[in-house]
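This report refers to the structure that appears directly beneath it.
The values are calculated or read from the model by the stated rules, or taken from the named source; none is laboratory data. All of these numbers come straight from a predicted model, not from anything done at the bench. A quick note on method: Cβ atoms are made from the backbone with ideal geometry, for glycine too, and the neighbour counts reach across all protein chains shown. For accessibility, only protein heavy atoms count, side chains too; no ligands or nucleic acids. Shrake-Rupley method; radii C 1.70, N 1.55, O 1.52, S 1.80 Å.
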Amino acid sequence: HPVMADVGCRNTVFGAQAQEASRHLDAWRAAGVAPFRLEFVHESGEQLTRVARAFRDALDGRTSSAELARQLQRVAPQGVTEGSLFVPADHMVIPLV
């Protein structure tokens, strides 16, 4: 994984999988969250266009967030991940030792 300085001059390790949050889109919109920002690191122009169109269709109500997730998986050759947005279902459970 390459280590690169991001726009804030912080060192960031980028994994091979694209991070995406389509699973959370409906809840964020219901809560009034807007606008949304898409960030790209090394995607091609074609990949950028496909991702932007998929998000535009979902945000305009032409496709569902589930369909958005499917489209993003098809665009990303190494797959997708929720990255830091992933929270395990049992995150509040304190294990007994």
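Normalising the average separation of contacting C-alpha pairs (under 8 angstrom, six or more residues apart) by the number of residues puts the relative contact order of segment 10-83 at 55 percent. So what's the net charge close to A18: Lys and Arg +1, Asp and Glu -1, counting the other residues with Cβ under 11 Å from its Cβ? That works out to -4.
Using the Cβ of V80 as centre and a radius below 12 Å, the other residues enclosed give a net charge of +1, where K and R count +1 and D and E count -1. Per the Debye formula on identical point scatterers at the alpha carbon atoms of the chain, with no solvent, log10 I(q)/I(0) at q = 0.20 Å⁻¹ is -1.12.
All other residues whose Cβ lies under 12 angstrom from that of R56 are scored, Lys and Arg at +1 and Asp and Glu at -1, for a net of +1. Packing here is the average count of other Cβ atoms within 10 Å per residue, and on that basis the peptides 18-24, 60-66, 89-95, 40-46, highest first, run 18-24, 60-66, 40-46, 89-95.
In sequence order, segment 28-40 has phi-based couplings of 5, 5, 4, 7, x, 6, 5, x, 10, 10, 9, 10, 10 Hz under the Karplus curve 6.51 cos²θ - 1.76 cosθ + 1.60, θ = phi - 60°, and Gly or Pro positions carry x.
Note on segment 10-83: with neighbouring protein chains present and a 1.4 Å probe, carbon and sulfur make up 49 percent of its accessible heavy-atom surface.
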